[in-house]
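First the structure, in the form of structure tokens, and then the observations on it.
The values are calculated or read from the model by the stated rules, or taken from the named source; none is laboratory data. These figures come from a predicted structure and were not determined experimentally. So basically every Cβ, Gly included, is an ideal-geometry build from the backbone, and we count neighbours across all protein chains shown.
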Ligand SMILES: Nc1ncnc2c1ncn2[C@@H]1O[C@H](COP(=O)(O)OP(=O)(O)OP(=O)(O)O)[C@@H](O)[C@H]1O
Ligand SMILES: CC(=O)N[C@H]1[C@@H]2OC[C@@H](O2)[C@@H](O)[C@@H]1O[C@H](C)C(=O)O
């Protein structure tokens, strides 16, 4: 596949970027087009999704928690092939794209120890598709003492301003892991003091998915139907909340499997009670997280797959002190927000703008991560 030479990046001009994200829940690859000058969002474009096959999922999951070796290499190849297949489809209908933001797949994340590993070679993608690719977004932040995650907060800041919000709001992403961004859109630049506070809230869908897979051979609790039939086991919930992670001050981040033993906490419960309890643990992690907000947000906008789970949404509604609504309420697409985030961040990297700061990752100073590979 070869494409016409990209338009050169030019200072403050608006760029059309395509972002791609393969998240911790390993359902598939999201891709979305966005227009920005690296500061303001000027528009959203088309988006697409490619589900991983069962075999791809098996190969990639075999690399979880590993830093090198054959399983990591095999996982990387599967990630690259899936992204290239989706790009081939999407770029046919989006010839205006100037730049790609490629997150890759996180296999392991231990920022204070070995670092953070996202597999998939952005240089290979750039050669194959003939467009510049920005990738390896997290390493520079970790090298400067940051958590390397979450990185969507700078985009959440732009979203709050795009939506015309005038006071503090929060974005809550419920993927495999949960992450919260508190934003004050009155502060013009995301890296300025007081604009952002962000961190991972705890496990979100990953333990629910693991339970569904282990007990029922299903990928997830569709519509929260199983959790709706169960009873929350308070003892297990209390043990969960005693985890030291919740007492830590943010910024802080998690690996997908950091709470893998949670499934054991519900091991003796019926399928429905176990599922309800894991769902309640996700909501309880978020309720704990809200206590760290510098000021009460006017609203919590929920993004990611967890907003499709009405049981989880109801639990959040009951346990948080402010209104909780899907991001669709402000015209955003909660299934594509992370892919859009990496489109936005790619433009910032290309422009030499920061992508994280002390308030979002605990990094020593605002830093622009990411490597740009040209075709
Ligand atoms: N209709 C639904 N009912 C219940 N849960 C759902 C539904 N749709 C999606 N989910 C949950 O959301 C998950 C996918 O969420 P999402 O795509 O936001 O995760 P991700 O991007 O892979 O993760 P992360 O943000 O941690 O990287 C699914 O694995 C499932 O658990
Ligand atoms: C290391 C890593 O890939 N972290 C992911 C994960 O999935 C959700 C949460 O944990 C968040 O910290 C992050 O992803 C989003 C996209 C982020 O960086 O904002």
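Below is a table of values for the structure above.
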{"item": "Residue that is farthest from ligand 2 (Cβ to nearest atom), among those in the stretch 246-258 that are farther than 28 Å from residue 28 by Cα and surrounded by 15 or more Cβ atoms within 10 Å (Cβ to Cβ)", "result": "246"}
{"item": "Scan of the stretch 100-131 for residues that are free of Cβ contacts under 8 Å to residues at least 24 places away in the same chain and either over 18 Å from the mean Cα position of the chain (by Cα) or in a helix (DSSP H, G or I) (or both), ordered by number", "result": "112, 113"}
{"item": "Selection within the stretch 81-94 - touching a strand residue (DSSP E or B) at 6+ places or on another chain (Cβ under 9 Å) and farther than 30 Å from residue 13 by Cβ", "result": "82, 85"}
{"item": "Residue ranges of strands (runs of 3 or more DSSP E) in the stretch 11-63 with at least 1 members more than 17 Å from the chain's Cα centre (by Cα) and surrounded by fewer than 20 Cβ atoms within 10 Å (Cβ to Cβ)", "result": "28-36, 41-51"}
{"item": "Hits in the stretch 212-240 (condition: within 23 Å of the chain's Cα centre (by Cα), within 24 Å of residue 180 (Cα to Cα) and more than 16 Å from ligand 2 (Cβ to nearest atom))", "result": "221, 222, 223, 224, 240"}
{"item": "Test: residue in the stretch 143-155 that is farther than 21 Å from residue 255 by Cα and at pLDDT 95 or above", "result": "yes"}
{"item": "Qualifying residue in the stretch 122-130 (condition: within 16 Å of ligand 1 (Cβ to nearest atom) and surrounded by fewer than 24 Cβ atoms within 10 Å (Cβ to Cβ))", "result": "no"}
{"item": "All positions within the stretch 335-375 that are under 21 Å from residue 161 (Cβ atoms), away from ligand 2 (no atom under 13 Å from the Cβ) and assigned to a loop (DSSP other than H, G, I, E, B)", "result": "352, 353, 354, 357, 366, 368"}
{"item": "Residue in the stretch 202-226 that is farthest from ligand 1 (Cβ to nearest atom), counting only those that are under 16 Å from residue 175 (Cβ atoms) and surrounded by 24 or more Cβ atoms within 10 Å (Cβ to Cβ)", "result": "202"}
{"item": "The listed residue being buried (at least 19 other Cβ atoms within 10 Å of the Cβ), in contact with a strand residue (DSSP E or B) (Cβ under 6 Å, 6 or more places away or on another chain), in a loop (DSSP other than H, G, I, E, B) and outside the structural domain of residue 200 (by TED's automatic domain parsing), out of 97, 134", "result": "97"}
